[in-house]
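Notes to accompany the following structure.
A short reminder: the numbers here are calculations on the coordinates, not readings from a lab. From a predicted model like this one, the values you see are computed outputs, not experimental measurements.
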Amino acid sequence: MQILLALIFGAGLGVLAHFLVAGRATRGAAIGPLLGAVVGGAVWLALTWAGLGIDNPWIWVASFAAPAVVVFPVLILLTRARRTHDAHERARLKIL
């Protein structure tokens, strides 16, 4: 059940990242929260399979820090890729 804490924290951090990273009009509103929840849950799952229990502080630190480390750069890269793609499409279609 404690994996829910990692999922909720990751989703909450994704919502925060969605609003803090510039260019939110170029990406969907759900990509940040979804990515944060997936990363937090995946780290929790991997560390659980590695044998760490809920009494170990590393499972908590890693599952809360991993979304922060992953979500912000991914959203920045997605925004940059979308802007580049849109600029190329405008040039291809000869749109100002």
Q. For the chain, what does -39500 (n - 2.57) per DSSP helix run (n ≥ 4), summed and divided by total residues, give at 222 nm, in deg cm²/dmol to the nearest 500?
A. -27000 deg cm²/dmol
Q. Could you list log10 I(q)/I(0) for the chain at q = 0.11, 0.14, 0.19 Å⁻¹, which the Debye formula gives when each Cα is one point scatterer?
A. -0.39, -0.55, -0.80
Q: Please work out the C-alpha center-to-center distance from the stretch 59-74 to the stretch 1-52 and express it in whole Å.
A: 8 Å
